[in-house]
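Here's the structure, in structure tokens; my notes come after.
The values are calculated or read from the model by the stated rules, or taken from the named source; none is laboratory data. This one's a predicted model, so the numbers in the text were calculated from it and none came from an experiment. Cβ atoms come from the backbone with ideal geometry, glycine included; neighbour counts cover every protein chain shown.
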Amino acid sequence: MKYEHKSIEQKWQKAWEDNGIFHAEENSKKPKFYTLIEFPYPSGQGLHVGHPRSYTALDIIARKKRMQGYNVLYPIGWDAFGLPTENFAIKNHVHPKEVTKKNVARFKSQLQSLGLSFDWSREINTTDPKYYKWTQWIFLQLFKNGLAYKKEMAVNWCTSCKCVLANEEVVNGGCERCGSEVVRKVKSQWMLKITAYADRLIKDLDLVDYPERVKAQQKNWIGRSTGAEVDFTTTTGDTLTVYTTRPDTLFGATYMVISPEHPLIEKLSSVIKNMDEIRAYQEAASKKSDFERTEVAKDKTGVKIDGVEAINPVNNRQIPIFISDYVLVSYGTGAIMAVPAHDTRDWDFAKKFDLPIIEVVKGGEDVQKAAFTDCATGILVNSDYLDGLSVDDAKKKIIEKLEETGKGHAKVNFKLRDWVFSRQRYWGEPIPIVHCPCCGAVPLDESELPLELPNVESYEPTDNGESPLATMTDWVNTKCPKCGADAKRETDTMPQWAGSSWYFLRYMDPHNDNALASPEALKYWSPVDWYNGGMEHTTLHLLYSRFWHKFLYDIKVVPTPEPYAKRTSHGMILGEDGGKMSKSRGNVVNPDEIVDTYGADTMRTFEMFIGDFENAAPWSSSSIKGCRRFIERFMGLTDIMTEDNNIRPALESAFHKTIKKVGEDVENLKFNTAIAALMSLINDIYATNSITRKELEIFTKLMSLFAPHAAEEVWSVKNLGKGFVSVSEFPTYDESKCVENTVEIAVQVNGKIRDKIVVPVDIDQQGAVSLAKQSEKVNSFLDGKNIVKEIYVKGKLVNIVAK
RNA sequence: GCCGGUAUGGCGAAAUAGGCAGACGCAAGGGACUUAAAAUCCCUCGGAGUAAAAUCCGUACCGGUUCGAAUCCGUACCGGUUCGAGUCCGGUUACCGGCACCA
């Protein structure tokens, strides 16, 4: 049979869609299976060869589950709010809505050309007011529950996007999206209190099946640490509270450091003698970007505060206070007690400013030469009632003492900060809040949702840091929903992460106007059974959506504490040169060209065959030919089919083994070896020059996971079964038929292979060894030696140990 | 610096409760078919070695355990915990990812 991929692929894509065979069933009695991929951002560049790697992988899972009798939900939609669209709109003077529409159409046709078994009847779009009505609704619930609040604070400001960024969006001091410089800017911002969920976001990782690296990264990002807050009094009678993870070293505190922004400085400005010097330091620190501030500086800087000192609560020793930018205002209390003997940063600082270093934990080298930071082995010294204790015991004891005397208490801290939720841009969900001069921030009534984006003249971001919406006075000016007074709408919009934080719920019931999804649909489909996506979203989307879902669980909207039961992650497809695909490198592969030249089936098979799914893999324009040949050979089977409706005995175990292997490998994301097994089997089939009807039926079903169009064609041309092979019953195997009658085993002498023999599969040790000894080759190595030991490993080898 | 991961032919990679290293595919070389090329089919394909064999070497490094190690161990060097350490804690090289002055 001639293989014309273009006509075949178009034909079957249309047939699948016309018959709706991939639509998830409503009110089904079948067990459900919800497979999910991260819905794409429809960029102007169109689909990238990286997208199909994830989509094809879960498509294969979805297809297999469908064939195994599950009611499968494999949905698709568009995460369409965002800056590139807006920037394109500004440049070309088109409405972002139009840009989005065009990009979605392009993406949709590209995706459909790949033969992915999405349920297109559930397509969603985050920019659709019917969709973002519910994004806004969730925001209102967060607001009503005190988890959304507005706060004046220093934020990350992208100088190019003219917009604030969340901490998660700042990469190496630059904007995650455009790479431009990020500076600190004080602005009033909407914040979401993700920190209220910090503990549960760590703890509930135990409930889900995620790769270890994902769990580790999330834990690392949340950064839980346990320690104590300790109150120091100052010579002015004020209280200076510090956070420390090493309260056991309190006796070794020889100075204190507060961050340049610490409020105590203003409060004591009249007492401080060197205020000019301090002001100059503050000024210099504020000019540094966040990146420079947090970069591990080799050289510590700081200024000693003149005129006020602190008193160590455990020994009443008077110690100096410094300001230094190595202490961050945003972590802990913005102040530390410095224990140079047991903290490398404090040690560096102490050396530079010639401050005393007092050893309070014994067990390391000379603390005058380097800080000793090992908690596991140290023993407390020079610490009064803590002397002789281990670090752990000393921590417990000192915290007890502090709590007794009211000088401190145990404290847990997180690196995680609240989520900066405002963006000063047009193309995002409007925040449904009205600012009233009397009532403050007032939420819109839920019946007013969706609060739609107005049409504006210009989407250009403003230099004064306000959203383009602020210029729309008839939209901005409104009445307070509470008291009716003249009031103004919030003009900031939500970040792109808002719409994607709950989209998987909408798929369960995408056309519902009364709720984000019906309780019945949520109950039936939750949680997502298998979610595949990129590692780059681990501390962004994946964390945000877990947070929202936990909140929705708390207010009894969703039935499960975690949104995704299982998460897997694919590796990147690299350019042929081994580097990341990018326009500037000129190594970008266009999927349209691949589909055009080789067909979607080849593209799919190749992306699955390319290597370990979880690792990065370079594209190869020559290797893909092997996959094309494989599919041609598959199509060619139709020319050698016989009407025999059995599996031939010679191939029986090969078929059963392949069914088993393909099924298991697919579940374990080992697509490459599953395809290799099918290639091996087809080689065995061609060696016999024929294939039976029954054999072709099974082979076609297995192939339909990877090359669904070609499989449908073979299925229908040879009339192998009713309907579509894509929804036929997945073949089963018989474990007992997976084994051959005879097997070739290796014969070793002293661990070196000397011969290979064919033996019955169930032969015992004695039989195998005596057969092995009949080999001349083996005997030549045994000559003149005594046999010490004979080893037989069933189905593998015989090893004769001789001396 | 900390956390996680990886290391196998010319290339993408297989094989780990220890058991035939390199499945499957690409590339390459030879042959068949063809006026020729492409396509297809057959053969070879880790390295050294040989006329062909034999044989030796080979899974980042070094060292071990074992009849047998890509797979297990680190006992190499030193120290600690312990009545008692091969067993618990603390090493080397290269690359990738994450975090990084988080007290």
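Yes/no per residue for (1) of a type outside the set (S, T, N, Q); (2) crowded, with 21+ Cβ neighbours inside 10 Å; (3) at pLDDT 90 or above:
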| position | (1), (2), (3) |
| --- | --- |
| A:Leu328 | yes, no, no |
| A:His342 | yes, yes, no |
| A:Trp347 | yes, yes, no |
| A:Ala350 | yes, yes, yes |
| A:Pro356 | yes, no, yes |
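Got at least one residue in segment A:438-453 being surrounded by fewer than 17 Cβ atoms within 10 Å (Cβ to Cβ), within 36 Å of the chain's Cα centre (by Cα) and in a loop (DSSP other than H, G, I, E, B)? Scanning segment A:438-453, I find at least one residue that is surrounded by fewer than 17 Cβ atoms within 10 Å (Cβ to Cβ), within 36 Å of the chain's Cα centre (by Cα) and in a loop (DSSP other than H, G, I, E, B), so the answer is yes. Scan segment A:323-359 residue by residue and report those that are in contact (Cβ under 8 Å) with a residue 40 or more places away in the chain, more than 7 Å from RNA strand B (Cβ to nearest atom) and among the basic types (Lys, Arg). Answer for segment A:323-359, where residues must be in contact (Cβ under 8 Å) with a residue 40 or more places away in the chain, more than 7 Å from RNA strand B (Cβ to nearest atom) and among the basic types (Lys, Arg): just A:Lys352. Residue count for segment A:104-125 satisfying the condition of being buried (at least 21 other Cβ atoms within 10 Å of the Cβ) and over 25 Å from the mean Cα position of the chain (by Cα): 1. Among the candidates A:Ser690, A:Ser680, the residue that is of a type outside the set (A, V, I, L, M, F, W, C), more than 30 Å from A:Tyr210 (Cα to Cα), touching a strand residue (DSSP E or B) at 6+ places or on another chain (Cβ under 6 Å) and surrounded by fewer than 19 Cβ atoms within 10 Å (Cβ to Cβ) is uniquely A:Ser690. Pairs meeting the criteria (first residue in segment A:607-634 and more than 24 Å from A:Thr568 (Cβ to Cβ), second residue near RNA strand B (Cβ under 6 Å from one of its atoms), beta carbons under 6 Å, at least 6 apart or on different chains) are A:Phe630/A:Met679.
For segment A:701-729, a residue qualifies if it is basic (Lys, Arg) and touching a residue at least 24 places away in the same chain (Cβ under 8 Å), and the qualifying residues are A:Lys701, A:Lys718. For the residues A:Ser704, A:Ser726, the requirement of being at pLDDT 95 or above, among the hydroxyl-bearing types (Ser, Thr, Tyr) and in contact with a Pro (Cβ under 8 Å, 6 or more places away or on another chain) singles out A:Ser726. Beta carbons closer than 6 Å, at least 6 apart along the sequence or on distinct chains, pair a first residue in segment A:509-536 that is touching a residue at least 60 places away in the same chain (Cβ under 8 Å) with a second that is of a type in the set (S, T, N, Q) and assigned to a helix (DSSP H, G or I) for A:Asn532/A:Ser54. Only one of the listed residues (A:Arg224, A:Arg279, A:Arg200, A:Arg213) is within 28 Å of the chain's Cα centre (by Cα) and more than 11 Å from RNA strand B (Cβ to nearest atom). That residue is A:Arg200. In summary, A:Asn27 fulfils each of the numbered conditions (1) farther than 24 Å from A:Arg567 by Cβ; (2) not in a loop (DSSP other than H, G, I, E, B) with the single exception of condition (2).
Selection over segment A:202-257 of residues that are touching a residue at least 12 places away in the same chain (Cβ under 8 Å) and not in a helix (DSSP H, G or I) gives a count of 31. When restricted to residues that are part of a helix (DSSP H, G or I) and in contact with a Gly (Cβ under 7 Å, 6 or more places away or on another chain), segment A:491-536 contains 1.
Of all residues in segment A:193-222, count the ones that are of a type in the set (Gly, Ala, Ser) and closer than 19 Å to A:Glu536 by Cβ.
1
Are any residues in segment A:510-528 closer than 13 Å to A:Pro75 by Cβ and within 25 Å of the chain's Cα centre (by Cα), and if so, which ones? Before you say what the answer is, go through the steps one by one.
Initial filter on segment A:510-528 (closer than 13 Å to A:Pro75 by Cβ): A:510-511, A:517, A:521, A:525, A:528.
Across segment A:510-528, the qualifying residues are A:Pro510, A:Ala517, A:Trp525, A:Val528.
Scanning segment A:657-672 for residues that are near RNA strand B (Cβ under 10 Å from one of its atoms) and part of a helix (DSSP H, G or I) yields A:Lys661, A:Asp665, A:Phe671, A:Asn672. Annotation note: of A:Leu696, A:Leu681, A:Leu651, the sole residue that is within 20 Å of A:Asp734 (Cα to Cα), at pLDDT 90 or above, more than 35 Å from the chain's Cα centre (by Cα) and within 12 Å of RNA strand B (Cβ to nearest atom) is A:Leu681. Comparison of A:Asp644, A:Asp612, A:Asp596 shows that the only residue that is more than 29 Å from the chain's Cα centre (by Cα) and assigned to a loop (DSSP other than H, G, I, E, B) is A:Asp644. Among the residues of segment A:360-373, the ones that are in contact (Cβ under 8 Å) with a residue 12 or more places away in the chain, assigned to a loop (DSSP other than H, G, I, E, B) and more than 27 Å from A:Val303 (Cβ to Cβ) come to 3 in all.
If you go through segment A:360-371 and keep only what is within 13 Å of RNA strand B (Cβ to nearest atom) and either over 30 Å from A:Trp221 (Cβ atoms) or in contact with a strand residue (DSSP E or B) (Cβ under 7 Å, 6 or more places away or on another chain) (or both), you end up with A:Lys362, A:Gly363, A:Gly364, A:Glu365.
Only residues that are more than 19 Å from A:Gln496 (Cα to Cα), surrounded by 18 or more Cβ atoms within 10 Å (Cβ to Cβ) and charged (D, E, K, R) were counted in segment A:515-560, giving 2. The numbered conditions (1) crowded, with 18+ Cβ neighbours inside 10 Å; (2) under 22 Å from the mean Cα position of the chain (by Cα) are all true for A:Cys178 except (1).
Restricting attention to segment A:386-394, does a residue exist that is of a type in the set (Asp, Glu), away from RNA strand B (no atom under 12 Å from the Cβ) and within 42 Å of the chain's Cα centre (by Cα)? Yes, that holds for at least one residue.
Number of residues in segment A:423-464 that are out of contact with any Cys (no Cβ under 9 Å at 6 or more places or on another chain) and either within 16 Å of RNA strand B (Cβ to nearest atom) or not acidic (Asp, Glu) (or both) equals 23. The residue list A:Arg246, A:Arg224 contains one member that is in contact with a His (Cβ under 8 Å, 6 or more places away or on another chain) and basic (Lys, Arg), which is A:Arg246.
The residue list A:Val778, A:Val769, A:Val725, A:Val793 contains one member that is among the hydrophobic types (A, V, I, L, M, F, W, C) and surrounded by fewer than 18 Cβ atoms within 10 Å (Cβ to Cβ), which is A:Val793.
Could you go through segment A:452-468 and let me know if any residue there is in contact (Cβ under 8 Å) with a residue 24 or more places away in the chain, among the acidic types (Asp, Glu) and touching a Pro at 6+ places or on another chain (Cβ under 8 Å). So far as segment A:452-468 goes, yes, one or more of its residues are in contact (Cβ under 8 Å) with a residue 24 or more places away in the chain, among the acidic types (Asp, Glu) and touching a Pro at 6+ places or on another chain (Cβ under 8 Å). Exactly one residue among A:Lys550, A:Lys556, A:Lys523 is on the phi > 0 side of the Ramachandran plot and at pLDDT 95 or above, and that residue is A:Lys556.
Here the condition is being buried (at least 17 other Cβ atoms within 10 Å of the Cβ), more than 13 Å from RNA strand B (Cβ to nearest atom) and free of Cβ contacts under 8 Å to residues at least 40 places away in the same chain; of A:Cys163, A:Cys158, it holds for A:Cys158 alone.
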